[in-house]
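Each value in this text was obtained by applying a stated rule to the coordinates, not by laboratory testing. Bear in mind the structure is a predicted one, so any value in this text is a computation, not a measurement. With ideal geometry, Cβ positions are generated from the backbone for all residues, glycine too; neighbour counts draw on all protein chains shown.
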Amino acid sequence: MPQLNIADFPPQLVWLAITFVILYFLMAKLAIPGISEVLEGRQNRISSDLEEARRLSEDADKAKADYEAALAEARAKAHGIVSELKASVAKEQDASKAELDAKLSKKAKAAEAGINKAKETALSHVREIAAEAAKSTVARLVTLEVSDKDVETAVAASIKGDA
Amino acid sequence: MAAEHSPLAQFEIKRLVPMDLGGLDVSFTNASLFMVVAIISVTLFLTLSMRSRSMVPGRMQSMAELSYEFVANMIKDNVGSEGRKYFPFIFTLFMFVLFCNLLGMIPYTFTVTSQIIVTFALAAVVFVGVTAIGIAKHGFKFLTFFVPSGVPFVLLIILVPIEIISYFVRPISLSVRLFANMLAGHTLLKVFGGFVIALGLYLGWLPLGFIVVLTGLEFLVAFLQAYVFAILSCLYLNDALHLHH
């Protein structure tokens with residue numbers, strides 16, 4: 001096996017040592033810092049981006065809460081306005097109804113008074129007419145002059161008897 | 001069969017630029033060439049792909065980040081936060097072995113990790129380093145690592161030598177695992193490649209199909225063995241740091 005030729009060992013060992021040491025320094029001073037810098041930069045970027053995203057999401061949550069609070073407030077306000085309006089309308093309605101009621105009852109009373117008056121007038125006229133009629137009837141039946149006073153007394157008596 | 005066509009010829013060391021330093025052979029060989037190619041590839045891969053440094057990575061940047069995070073998680077899961085200090089070493093080890101394995105998959109290239117001396121040297125560095133870390137951290141108490149707790153004294157006579165042997169076998173098992181996988185895979189590819197030529201146009205398709213399947217498997221092995229090498233280094237490091245048993 002050519003690998004076991006001891007005469008070939010020294011040059012291989014020497015060059016292995018040279019190349020390996022050179023590679024070690026190239027890696028330690030050049031390649032590894034370069035890669036770890038990029039990896040660290042990326043890690044930092046990712047964590048800062050995540051932080052930013054978290055902050056933005058918190059802001060969004062807060063804005064949503066604010067919006068909901070404002071909405072609830074506006075809703076409560078609108079509700080208050082509506083109920084206030086309803087109350088004032090009802091009050092106004094009650095007032096105008098009461099006024100109307102008073103007016104109507106006043107009018108009814110006046111009308112009642114008018115009716116009573118008319119009734120009285122009519123009743124008094126009835127007497128007159130009845131007296132007139134009785135007088136003329138009596139005059140036709142008996143050509144007898146009946147004094148107005150007698151007739152009236154008679155009529156009043158008859159009405160009283162009827163009543 | 002000529003030496004050039006032997007399935008093992010691909011593992012031969014060829015001195016491209018013979019050099020000598022005070023009696024020590026430091027020739028630039030084909031193995032050296034592919035070590036250099038591997039470290040240049042790793043460096044270019046990890047720097048060029050990260051050049052744009054974009055927040056949202058492209059394909060190449062994703063791959064570079066993925067290899068970084070793969071090793072980082074491996075250390076986090078197997079060693080814990082104390083292992084972060086050793087991340088550059090484990091990462092270098094993983095990338096070096098992975099790229100040597102993958103470069104070996106390209107035809108006519110040389111597979112550095114198929115050389116037992118290379119894998120053994122890497123494993124020995126891990127073994128010596130981990131042992132040194134254990135002794136530096138725990139001092140004399142490090143020896144309790146070889147004494148399983150809650151075991152009767154009589155059994156300890158048998159268990160302690162077993163523990164000591166299993167500890168010192170670690171660099172051998174670590175290096176031979178990677179070496180044998182690479183050796184076997186590449187030899188098999190070469191042998192079946194020879195069958196394609198030998199069997200010709202009529203029956204040569206069978207070994208060719210086998211080579212196609214085997215190539216897919218070898219890519220898996222290239223990744224898997226780099227992973228195994230790195231994760232075992234992590235486990236050994238964890239043992240040295242925490243001494244748990």
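Structure data summary
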quantity: Among B:I133, B:I157, B:I13: highest mean-square fluctuation, GNM of chain B, C-alpha pairs under 10 Å; calculated: B:I157
quantity: 0 to 90° range, to nearest 10: angle between helix A:32-141 axis and chain A longest Cα axis; calculated: 0
quantity: Least to most buried among B:Y202, A:Y67 (fewest other Cβ within 10 Å first); calculated: B:Y202, A:Y67
quantity: Potential lengthening between A:S105 and A:T137 on full extension [0.36 nm per residue; Cα-Cα distance subtracted]; calculated: 6.9 nm
quantity: Average other protein chain Cβ within 10 Å of Cβ, residues B:112-121; calculated: 5
quantity: At q = 0.16, 0.25, 0.27, 0.34 Å⁻¹, base-10 log of I(q)/I(0) for region B:206-245 (Debye sum, equal scatterers on each alpha carbon); calculated: -0.54, -0.77, -0.82, -0.97
quantity: Overall dimensions of region A:67-139 as given by Cα atoms, namely Rg and Dmax in Å; calculated: 31.0, 105
quantity: Förster-model FRET efficiency, 30 Å R0, B:E163 and B:V128, C-beta, rounded to 0.05; calculated: 0.95
quantity: Averaged over B:32-39, number of beta-carbon atoms from partner chains that fall within 10 Å; calculated: 5
quantity: Acute angle (nearest 10 degrees) that the helix A:148-162 long axis makes with the longest principal axis of chain A, alpha-carbon atoms; calculated: 50
quantity: Convex hull per residue volume in Å³, alpha carbons only, for region A:2-162; calculated: 254
quantity: Degrees, to the nearest 10: B:59-78 long Cα axis against longest axis of chain B; calculated: 30
quantity: Proportion of all alpha-carbon pairs of the protein assembly as shown beyond 33 Å (%); calculated: 62
quantity: Environment charge of A:A53, counting only residues whose C-beta is closer than 13 Å and scoring Lys/Arg +1, Asp/Glu -1; calculated: -3
quantity: Intensity falloff of chain B expressed as log10 I(q)/I(0), Debye formula with alpha-carbon point scatterers, at q = 0.17 Å⁻¹; calculated: -1.27
quantity: Environment charge at A:G80 (Cβ cut-off 13 Å; Lys +1, Arg +1, Asp -1, Glu -1); calculated: +1
